[in-house]
Structures are given as C-alpha cells and as structure tokens.
Amino acid sequence: MDKPDTQTEEGRADSNGIGNIGRRGMLKAAGGTALAIALAGCSDVLLGDDEEVVDVADVPDEPVEAGLQTFTEGPASVLGLQAQFGAEEAVRRINDAGGVAGREIELDVVEEGDSWIENYSRFVDDGKEVTFGPISSGGHLDLVGEVEAQGVVNIATDGTVTRMFEEELDDPTYAFRFQNHDVMEAASAALTAIEQLGADEIDTYANINPDYAFGQDEREIFNATIEQLTDAEEVYSGFPELATDDMSTHVTSVVSEEPDVLFTSCWGGDATLLLSQGQDQGMMDATDIIVGPVLYGSANDFSSGDIEGNIWSGSRNFYWDFPDSDRWSPGRELFDAAQEAEDTIPTAHYMSGYGAVTCWATAVEGLVDMLGGWPEQEQIAAALEGHGFYTPAGYHVMAEDHQCYSNAHFGRLTWNDEMDIPVIEEMTIRDPREVSPPPGEISVEWIESWS
Amino acid sequence: MIELPLFIDLGDAAVHTLNGIFRGSILFMIASGLTIIFGVLGVLNLAHGEFYGIGAFLLTSIATFFVVRIAAPTDPLSTAIFAAAIVIAVLLSAAILIPIAGAIEATVIRPIYDRAEMYQLLLTYALLLILVDTIRIIWGSQPVRPAAVDGQQIHAALDVIPMEELFGFQYSSVRIFTIFIGIGTFLFLLWFFDRTKTGRIIRATAIDREAATAIGVSSDRVFTLVFALGGFFAGFSGALYSVSAIPATAEMGGTALVLSFVVIVIGGLGSIRGSFVGAILVGVVWSWAIAEYPPAEIAAPFALMILVLLVRPEGLYGAWGEIE
C-alpha cells in the first residue's frame with residue numbers, strides 16, 4: 001500500500017485520528033471546549049446541559065479506587081514519574097469537576113520495580129476498580145496474561161512493544177494500552193530521516209538502542225521501514241546495557257562508520273549520556289541526522305550543549321507546544337500545570353498517565369449514562385473498544401485491538417533560549433494510519449508491503 | 001590513515017583503546033580500595049560501590065555550587081580558575097568519604113571482624129541498601145549531572161587539549177587527565193605501601209595482625225585508616241567519573257562493585273599491581289568487544305575473568321589476603 005499523506009504544522013490542527021467522534025463530543029469540540037471535554041468533568045464532557053444525570057442511587061457513593069504502577073525510583077523514574085504526574089493531574093482535574101458520574105477517583109501509586117503481576121494482583125485484592133501502568137515493555141508483556149485472568153481493566157501507560165497486541169495477545173478483553181506503540185515512532189523516525197535527507201541520499205544507517213525488548217523492537221521496525229523505502233544498509237548496531245554508565249565505545253564506532261542516519265531509542269539518562277558523549281567525539285558531525293523517538297523524554301535533563309546538531313526527536317502522542325498555543329491552548333495549560341505542580345516539562349510520558357486515566361474515566365462516564373448505573377468490568381472493557389476521547393494531545397481512539405491510536409509527533413530538537421529549555425520545532429504529526437497497521441495486521445509485514 | 005587488519009583505522013583504534021583505558025582507570029581506583037580493605041581487614045565490603053556513587057553525587061552538588069559562582073572559562077586565566085575549582089570539587093567530594101567510611105568502620109564493621117564471613121557479607125550488603133536509600137533521600141531517584149556552564153557540561157568547558165590537531169581524532173581532555181590520574185594513583189599507592197612508614201605498618205598488619213599488635217601497632221586505627229582510604233579512592237573515582245558528565249544514579253554503585261570484583265579476581269585479591277593490570281585489561285577488553293562484536297559488551301569482562309580463573313586461579317598477581 002502507499003503511505004498516506006503526512007499532516008504538517010500547516011495541516012489539521014485538531015489532530016483527528018482514526019475512528020468516529022461521538023455526536024456530543026464533536027459538538028463540544030466544535031464549540032471550542034475541547035479542554036473541558038478532555039479533562040474535566042466527565043459528566044460535563046459526555047452529557048449536555050439539558051440532559052439528565054443518572055440517578056445517583058445507582059452509582060456507589062464511595063470514591064473509585066484506582067491503582068497505578070509506575071517507576072518512581074531508579075533510572076526509569078525519568079519516565080515513570082512523568083506518568084505519575086500526568087495521571088495525578090488528570091485525577092485532580094476530574095475530581096475538581098465532580099468526578100466520574102459523581103464519584104471521585106482515589107489513585108494509589110506503587111513502585112513498578114519488577115513486580116508487575118504482584119502489583120496488579122495486590123490492586124485487585126485491594127478492590128481497585130481500575131488499574132493503570134506499567135511503564136516497562138517487558139513488564140507489560142508479563143502482565144497482560146494476568147490481567148485477562150483476573151478481569152479488572154488495566155490501561156497500560158506505556159509498555160509499548162509492538163508485538164503485544166499483534167502476536168502475544170491477539171484477542172484481549174481487559175488489557176488496553178494508551179500510548180502509541182513502537183511501530184508508530186520507529187516508522188516516524190525513518191520517515192523523518194527520509195524527508196530531511198531524501199531517500200536517494202541515505203546509503204548507510206546505524207543503530208544504538210537499549211538492550212531489552214523495547215530497544216530491539218524499535219530497531220527492528222526502524223530497519224524494516226528505512227530499508228523498505230531506501231537502499232540503505234545498516235553499518236553498525238549497538239545495544240548498550242540499559243542505564244549504562246558509558247556509551248563512548250558505541251559512539252566511537254558510529255563516528256568511525258560515518259553513517260548518514262543514526263537511529264536511537266535510548267531514553268532517560270541513556271539518551272543524555274549518548275548525546276553528551278556524542279558531542280565529545282564529534283558524532284553529530286559524523287552523521288547527517290540523528291533520529292530518536294524518545295529523546296525528548298529527557299527534556300528535563302538536557303543542557304543546550306547536549307543537543308547541538310541535526311537531532312530530531314519524537315514525542316509520541318503529545319508535545320505540549322503543538323499545535324502552538326495560539327491555536328490550541330490545552331497543551332500549554334498542561335505545561336503550566338506541570339511547571340507549577342512539579343516544576344517539570346511535561347513529556348509524552350506525562351501524557352501516558354494523563355491519557356490512560358482520561359480514557360477510562362470518559363468511557364465509564366458515558367457508560368453510566370447509558371446503563372443508568374455503575375458498569376461491571378466486562379461492560380467497561382466492552383465500552384473501551386472503539387472509545388474516542390480528547391486530551392490536551394488531541395483526539396484518541398481506543399481501537400478494537402486494544403491499542404489506542406493517536407497522532408505521532410516528530411520534530412527538530414533544539415534549545416529555546418527565552419524559556420531556557422529544550423523544545424521541538426518543525427514539528428510533523430502523522431496520522432496513526434500512516435505509521436501503524438490496521439488492527440489485526442503485523443507491523444513489520446505491513447511495512448514490507450509498502451511500495 | 002593506516003588500516004589495521006581488522007579494518008579499523010589507527011585513529012579509531014586509539015579511541016577504542018583510550019575508552020578502555022579511561023574505564024579501566026576508573027575501575028582501578030574503585031577496585032584498589034576494595035582490594036586494600038580485603039587485604040588488610042579481610043572484609044569483602046559489598047557497600048564499597050556506594051562510596052563510589054556517593055562521590056559522584058557529591059561532585060554534582062559541589063561542582064554545581066562552584067559553577068554557578070565562577071565565571072565561565074573564556075580565556076586561559078578563567079579556564080585555569082575554573083579547572084582549579086573543579087579539582088577542588090573532586091578532592092572535596094573524595095575527602096568527605098574519609099570520615100563517612102571511617103565512621104562506618106568504627107561503628108558497624110569493627111564489631112564483626114571475628115564473625116564468620118557470612119555475617120560480614122550480610123552486614124555490608126545491608127549497608128549497601130542503606131546507602132542507596134540515603135542517596136535517594138538526599139539527591140532523589142533521577143540521574144543527576146553537575147550544572148552546565150553556558151550550556152556546556154563541565155568536561156566540555158575544560159576541553160583544552162587540541163586532540164584533533166595533535167592526533168587526528170577527537171577526544172575529551174578530561175578523559176585524558178583522568179587516565180593520567182589513574183596512573184598517578186597507581187604509582188602513589190605503590191610508593192605509599194612500599195616506601196612510607198604508615199604503608200609498611202599497614203602491610204605488616206595485613207600479614208600478621210597479632211605480631212603487629214605485639215610491636216605496638218593499634219590495629220583498630222590501622223583498620224579505620226585503611227577503610228577510610230578505600231572510601232576516599234572510591235569517592236575520588238566517582239567524582240572523576242561525574243566530571244565527564246556521566247549522570248550519577250543511585251544504582252551506579254552496583255555495576256561498579258560487580259566489575260571491581262572482576263578486576264580484583266583477575267588481578268589477585270590484595271594486589272595493587274594486579275588491580276591496575278586487571279582494571280586496564282577489563283576496560284580495554286570491554287571497549288574492543290563492543291567495537292568488534294557489540295553484543296559481547298556485558299559478557300566480555302566476565303569471559304576474561306573465567307579465562308584467568310581457569311589458567312591462573314590466584315589471579316595475575318595473586319597475593320590473597322595481603323597487600324602487595
């Protein structure tokens with residue numbers, strides 16, 4: 001199949017993805033109240049002012065007990081804390097607006113560690129009505145079987161390995177994932193490199209990816225995409241240990257090969273280290289472009305010297321300044337909220353937590369409206385399939401394969417002197433249909449079918 | 001550029017080797033403390049890696065304190081002042097470990113000298129966990145680097161050796177300095193244990209504690225001094241590592257400890273010469289393994305250790321249980 005056209009900054013600003021927007025949601029969006037729809041008060045979101053709210057007698061009085069497992073310590077807390085902050089901000093906004101069908105959410109956050117199944121089981125034993133997380137790709141692979149067995153809805157904040165809903169769990173009921181899966185960002189990285197350099201100008205490429213499921217998945221998809229669309233060959237592939245303390249030899253190897261493109265899915269401290277040591281050894285001069293799907297996840301740790309050069313970064317399904325504030329204020333408002341509450345730049349992982357909570361809350365709100373009472377887990381799970389909702393990142397659809405589809409963001413990583421923070425400019429957003437296969441298809445096979 | 005048979009040019013070969021020697025120099029400074037402590041005290045200190053981690057974190061705080069108060073290097077004079085401040089930060093970071101390690105030895109380690117090794121391992125492992133949590137409480141869970149200087153990391157601001165002009169390849173000046181510091185530390189330790197009275201007393205105590213006590217040596221003081229010395233060098237290496245903009249993390253001590261064990265097993269427990277040779281070997285093998293076959297990155301040092309254990313079980317400079 002041919003690749004669909006890319007949306008650009010000049011393109012659609014409301015960032016509609018796939019799926020249908022509900023009548024009331026569309027009306028609200030058209031009325032310019034997207035932020036309220038996204039975050040606030042699910043009653044206000046899904047019910048018009050003239051519609052009756054469900055009989056409160058059919059809805060329990062007590063708060064909704066929710067559990068989030070995320071990395072709160074260790075190197076991965078760079079991502080995990082962002083997800084926690086985002087989830088807590090969503091809960092705060094929902095509760096301030098009256099809760100989910102009148103029920104406030106109480107979010108219990110636990111350290112993910114390597115106890116994904118134990119954490120989830122404890123949540124279930126404690127009577128949690130919904131669970132969120134994990135961050136870990138490997139952990140998510142381990143967890144989904146247990147979620148299906150125990151039957152309490154889980155919306156993963158991250159854990160984005162592509163094969164999850166393609167091969168490992170092809171008919172899930174209770175396990176969902178909010179954040180873009182790897183195929184979207186790895187394919188976006190390849191397409192960005194091609195757009196910037198031209199397919200005919202790319203003869204060689206190199207990889208430096210973290211040595212675990214995520215890094216291997218990203219490399220496989222990036223390689224498949226760039227080799228499908230160019231005649232380039234891979235000249236180096238390194239898999240440094242996750243949270244390594246030295247990338248210098250990988251950098252030396254890349255500098256030696258002088259590839260046209262360097263792809264890296266390193267994140268957190270690894271991304272900072274790679275770019276810092278890359279600057280030391282002239283890696284930015286030795287390559288024509290560096291593309292990294294999650295480099296901006298280290299936005300809070302970069303200094304301006306780290307990101308000099310032709311470096312392009314993804315930002316998954318959310319970048320706080322796209323569309324820019326003149327056209328879409330919710331992103332900037334979320335930035336301000338994160339700055340005020342945690343003094344942090346909200347990255348895509350902030351949205352991972354925010355969106356997972358919002359996805360569940362908006363679906364349940366609508367379901368309560370329909371059923372006239374609080375729904376069972378099976379009903380919530382069924383309602384989540386095909387559920388469309390807004391966040392400050394735009395519109396999202398939880399598809400029938402339980403993977404949520406949103407736009408993919410990619411742009412040039414640069415330093416904003418005025419704000420004294422790293423930002424992404426020349427942003428391109430891609431419709432999910434452009435960078436991920438239809439539900440039921442295998443990503444790599446789908447990419448190999450491109451002409 | 002001349003090509004080697006491995007199709008790596010000399011510039012790349014030099015950089016790969018320098019990368020390995022740099023890593024080896026850092027490892028040596030950690031492992032030397034570990035091996036001295038074992039050689040004299042007979043304690044395998046599992047918390048030793050945390051001294052390294054604390055040194056790295058202290059550097060981030062102290063260097064940041066200086067960086068925000070000193071003018072960025074723009075000319076030779078300001079560069080010299082800046083470099084002096086960073087040297088002071090490194091030495092201060094390491095020096096703070098002296099009372100910390102000394103106090104730990106006097107209060108926690110000393111009571112269990114006569115216990116079975118299992119107790120020592122359990123106790124030092126408990127110390128490791130406590131120190132990791134202490135780091136998290138003080139500096140948080142996320143990776144930390146010193147504040148940047150005009151957007152540049154410290155080591156970039158101190159990049160004063162024109163490597164490209166002189167040798168045809170780019171390489172960090174701070175790394176070159178670190179390598180020389182590693183060599184200097186090795187020579188200092190050899191001199192200290194060989195030529196100074198204190199060093200000889202420590203060696204005598206390591207060889208025969210009772211005999212040393214009989215001639216008036218206070219073994220308690222010697223043990224405290226040795227433990228503090230080990231802490232100093234571990235902290236020193238952590239601080240130096242941090243200057244190179246390598247993020248300090250609460251977990252960094254774990255990897256350092258494991259590789260230090262590899263180093264002292266290769267070199268021979270208790271041998272400073274062995275630690276130095278073992279560390280450089282581990283670093284260079286690690287670096288060249290990545291260059292030639294990247295998937296071997298983690299396995300290469302351990303493969304080298306197994307090889308040495310099979311061929312020479314006592315290590316290259318075996319001096320088990322004493323300082324040599």
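Couple of notes before you dig in:
- Test: residue in the stretch B:84-98 that is of a type in the set (A, V, I, L, M, F, W, C), at pLDDT 95 or above, over 19 Å from the mean Cα position of the chain (by Cα) and surrounded by fewer than 24 Cβ atoms within 10 Å (Cβ to Cβ): yes
- Residue under evaluation B:L128, criteria (1) among the hydrophobic types (A, V, I, L, M, F, W, C); (2) modelled with pLDDT of 95 or more; (3) surrounded by 21 or more Cβ atoms within 10 Å (Cβ to Cβ), criterion not met: (3)
- Residue within the stretch A:117-137 that is over 16 Å from A:S352 (Cα atoms), assigned to a loop (DSSP other than H, G, I, E, B) and not charged (D, E, K, R) present: yes
- Residues being free of Cβ contacts under 8 Å to residues at least 40 places away in the same chain and either touching a Phe, Trp or Tyr at 6+ places or on another chain (Cβ under 8 Å) or assigned to a helix (DSSP H, G or I) (or both) - total across the stretch A:140-163: 11
- Among helices (runs of 4 or more DSSP H) entirely within the stretch A:306-420, having at least 2 residues that are charged (D, E, K, R) singles out A:329-342, A:348-371.
- Among the residues making up the stretch A:248-294, those that are in contact with a Pro (Cβ under 7 Å, 6 or more places away or on another chain) and within 11 Å of another protein chain (Cβ to nearest Cβ) are A:H250, A:G268, A:G269, A:D270, A:T272, A:L273.
- Residues considered: A:R327, A:R316, A:R332. Of these, the only one that is among the basic types (K, R) and at positive phi is A:R316.
- Restricting the first member to the stretch B:215-232 and to residues that are buried (at least 24 other Cβ atoms within 10 Å of the Cβ), and the second to residues that are at pLDDT below 90 and part of a loop (DSSP other than H, G, I, E, B), no beta-carbon pair is closer than 6 Å while six or more apart or on different chains.
Listed here are the residues, each with its yes/no results for (1) of a type outside the set (S, T, Y); (2) within 30 Å of A:D417 (Cβ to Cβ).
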site: B:I112; (1), (2): yes, no
site: B:Y125; (1), (2): no, no
site: B:L131; (1), (2): yes, no
site: B:G151; (1), (2): yes, yes
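- Pairs with Cβ under 8 Å, 6+ apart, first in the stretch A:67-80 and farther than 9 Å from A:E112 by Cβ and within 10 Å of chain B (Cβ to nearest Cβ), second assigned to a strand (DSSP E or B) and of a type outside the set (F, W, Y): A:E73/A:E111
- Subset of the stretch B:114-128 [more than 20 Å from A:D245 (Cβ to Cβ) and either among the aliphatic types (A, V, I, L, M) or assigned to a helix (DSSP H, G or I) (or both)]: B:A116, B:E117, B:M118, B:Y119, B:Q120, B:L121, B:L122, B:L123, B:T124, B:Y125, B:A126, B:L127
- Selection from the stretch B:151-170 of residues that are closer than 19 Å to A:G305 by Cα, more than 7 Å from chain A (Cβ to nearest Cβ) and in a loop (DSSP other than H, G, I, E, B): B:L158, B:D159, B:V160, B:I161, B:P162
- Answer from A:G314, A:G305 - the residue that is among the small types (G, A, S) and touching a His at 6+ places or on another chain (Cβ under 8 Å): A:G314
- Summed over the stretch A:231-240, residues that are facing chain B (nearest Cβ under 7 Å) and in contact with a Ser or Thr (Cβ under 8 Å, 6 or more places away or on another chain) total 1.
- Some residue of the stretch B:236-254 being within 30 Å of B:S141 (Cβ to Cβ), more than 14 Å from chain A (Cβ to nearest Cβ) and either surrounded by fewer than 24 Cβ atoms within 10 Å (Cβ to Cβ) or among the charged types (D, E, K, R) (or both): no
The values are calculated or read from the model by the stated rules, or taken from the named source; none is laboratory data. Just so it is clear, the model here is predicted, and its values are computed rather than measured. Because the Cβ atoms are built from the backbone with ideal geometry, glycine has one as well, and the counts that use them run over all protein chains shown.
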